[in-house]
Amino acid sequence: MRKVLLMCTSLFFLVSVAYAANFQPTPLKLSAPAKISYQFDGKRLGIPFDVTGTPAGVILCVYTTGKAASVSKIRNGFLGWHYMNKVDTSVYFSKLANYETGKNNIIYWDGKGKDGNIVPAGDYTYYLWGYNNKSAREPVCKFINIPSSSGGTQAKIQEIGPDGKGLANPLFFSPGGRIKWTIGNNPFDSLFVETTTMSLGTGWSRGNVIALQPNNFNYFYVEVGSPRANNVKGVRKMQWVPNGESQYVTTWGVNGMTSWASGFDVDPGCITDGDIVYTIDQSYHDYSGVALSDFISIDATDGSIIKKVNMTSFWTSVEGKKAGGQMNGGPNGFEMRNGYIFLNCHCSCMKTMVDPAAENAGDFFVWSNENGDGIFDKNYQPDAVRKWVCHDYIVQPEVRHFSADSNLFGVGGTYDLGAISFGLLGPDGTGIGYYAYAGETATGIDQGRWNIHADYNSPFDGLYTDNYSTGDITLRGGLWYIAQDSIKGMISNNVGVQETAPSAFALSQNTPNPFNPTTTISFIIPKAGNVTVEVFNVSGQKVDTVVNTYMEAGGHSVTWNAMRHSAGMYFYTVKTKDASKTMKMTLLK
């Protein structure tokens, strides 16, 4: 009996320790040569790459390089589903293939485009996009439940801190910006939840996403709207009060608000780049009775409206309304990445990427993806009542959140499509495919289906999602993690011709030095081969392997992120088959 009690006590201790641990995910990292030579002669090209951290389902995508300027407002594909402007375009993408962790994996391309013909010789950008499709989702926080309805657009991750650098721990907000969680805390300890309340007044509603003032997280912007009868909508600036009631900043705008005449309809909220606050005026329930989809830019300093961009050419449809759908398709969700903004609505097949800084209004829309390519299509079934109608919140799929990684691959969580977790679009909006997370069951109507990226070269990079589709009801809800990564390089028939191979191995001093928390290590290798870059502490213990991969001859640069390491002196060693050199560097905190 005593042995049984001791065993039970030990098990309880182990479970308690496991649940007390902070969230430290295992990120997925892909690495491959920056440049690959290919003569476009129809022979099979093997692209070597390494997989570290987790197993991965990987897709190879090939795109044009330097051709964006020649692409001007093109519509192509079935039903004209694909619009592109000033963007390099898709040449080829592979099927998903599975790879285990390790180096010298190979993915192949035969030099043919999507039409089956050899593409012209020249320069092409290749991407490897991958995610962990073998391991279960990791719990991040059990105390923030994103609505499984269209309110899933409320999820937001803040990656960059007030100093303009990546946060050591990103911040997660939901629902509607009223709850904050620092990613990395113990997922099972509710004490780490921080809340605030917003007393907007009787009858007032708020947008789904708040925008933190980038240089001071004590302040944020929120979209608000009055009852439709009052026809007032706008943006307020507020001061975040931890575990208290947020306060209006009355010195911003007109008594704390920038407003215009319009009704409120489950709108997306706000995004800001620091100088401008962006919001959207739309009416996807057709409350207004007219075509309405405006992208609004507001001066973040004084609250004045800078401009409005009419988006009705993409986001409204008179023909769709006549066919039984809606006049307006939103958008009621948006995300920002690399200065671009990605627009989405669960009520529409439409996905768009826009450039809010475009000087010419005609260049505002970079690409759109709508009905016709099999990804996120609505009313595509042969027996659909409203055949090919795009703006329709009655039918599947409902894409409740759409976000992009640093290479501009877009992921949208899908609703009610069976055992499918998300759809993937390429950097030009090309539909690539539908894919599933490990253990996806997609049972019932309680699927959440939202996904949001963290991708800023941190230990927390990856996809954050819900877990509504699990068969275990005790594990539903909350915030969960899936490892994901994408990289790019160049395929060219000019590699090795225009560049003279270096004659000697060389290693440069890291820059900056001292640094906090990232630094760049540059080196030259005289011939192709495997290269390792490792970091050691002053005791000679290896603390990190930055890269361990095959590289072509020439100059290379890699970045070490020391976010998880303490201040002090470190040594970095670059090693090839024939040479090795070590230099020191200093980390400041």
Restricting region 353-365 to residues that are out of contact with any Gly (no Cβ under 8 Å at 6 or more places or on another chain) and buried (at least 17 other Cβ atoms within 10 Å of the Cβ), the residue that is nearest to residue 422 (Cα to Cα):
354
For residue 52, state whether it is among the polar types (S, T, N, Q), surrounded by fewer than 18 Cβ atoms within 10 Å (Cβ to Cβ) and within 26 Å of the chain's Cα centre (by Cα).
no
When residue 585 is run through (1) of a type outside the set (S, T, N, Q); (2) in a strand (DSSP E or B); (3) under 30 Å from the mean Cα position of the chain (by Cα); (4) over 18 Å from residue 52 (Cβ atoms), the failure sits at (3)
Just one listed residue, out of 274, 244, 320, 330, is touching a residue at least 12 places away in the same chain (Cβ under 8 Å) and either among the hydroxyl-bearing types (Ser, Thr, Tyr) or open to solvent by 30 Å² or more (accessible area, probe 1.4 Å) (or both), and it is 274
Being open to solvent by less than 20 Å² (accessible area, probe 1.4 Å), modelled with pLDDT under 95 and in a loop (DSSP other than H, G, I, E, B) is the filter here, so list the residues in region 474-501 that pass it.
477, 478
Which of the residues belonging to region 209-241 are in a loop (DSSP other than H, G, I, E, B) and either open to solvent by less than 10 Å² (accessible area, probe 1.4 Å) or of a type in the set (A, V, I, L, M) (or both)?
210, 226, 229, 241
Residues satisfying the stated conditions in region 333-352, i.e. open to solvent by 10 Å² or more (accessible area, probe 1.4 Å) and more than 24 Å from residue 299 (Cα to Cα):
346
As an exercise: evaluate residue 411 against (1) crowded, with 24+ Cβ neighbours inside 10 Å; (2) farther than 20 Å from residue 311 by Cα; (3) in contact with a helix residue (DSSP H, G or I) (Cβ under 9 Å, 6 or more places away or on another chain); (4) at pLDDT 95 or above and give the number of the one condition it does not meet.
(3)
Enumeration of residues in region 530-539 that are open to solvent by 20 Å² or more (accessible area, probe 1.4 Å) and touching a residue at least 12 places away in the same chain (Cβ under 8 Å):
530, 532, 534, 536, 537, 538
Under 7 Å between Cβ atoms, at least 6 apart or on separate chains: pull out the pairs that start in region 179-190 with a residue that is within 18 Å of residue 211 (Cβ to Cβ) and end on any residue that is open to solvent by less than 30 Å² (accessible area, probe 1.4 Å) and assigned to a loop (DSSP other than H, G, I, E, B).
179/144; 181/144
Working carefully through the options 558, 543, find the one that is open to solvent by 40 Å² or more (accessible area, probe 1.4 Å), among the aliphatic types (A, V, I, L, M) and within 32 Å of the chain's Cα centre (by Cα).
543
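The values are calculated or read from the model by the stated rules, or taken from the named source; none is laboratory data. All figures in this text were calculated on a predicted structure; none of them were measured in a lab. Note that each Cβ is placed from the backbone with ideal geometry, even for glycine, and that neighbours are counted across all protein chains shown. Calculation scope for accessible area: heavy atoms of the full protein, side chains included, ligands and nucleic acids excluded. Shrake-Rupley method; radii C 1.70, N 1.55, O 1.52, S 1.80 Å.
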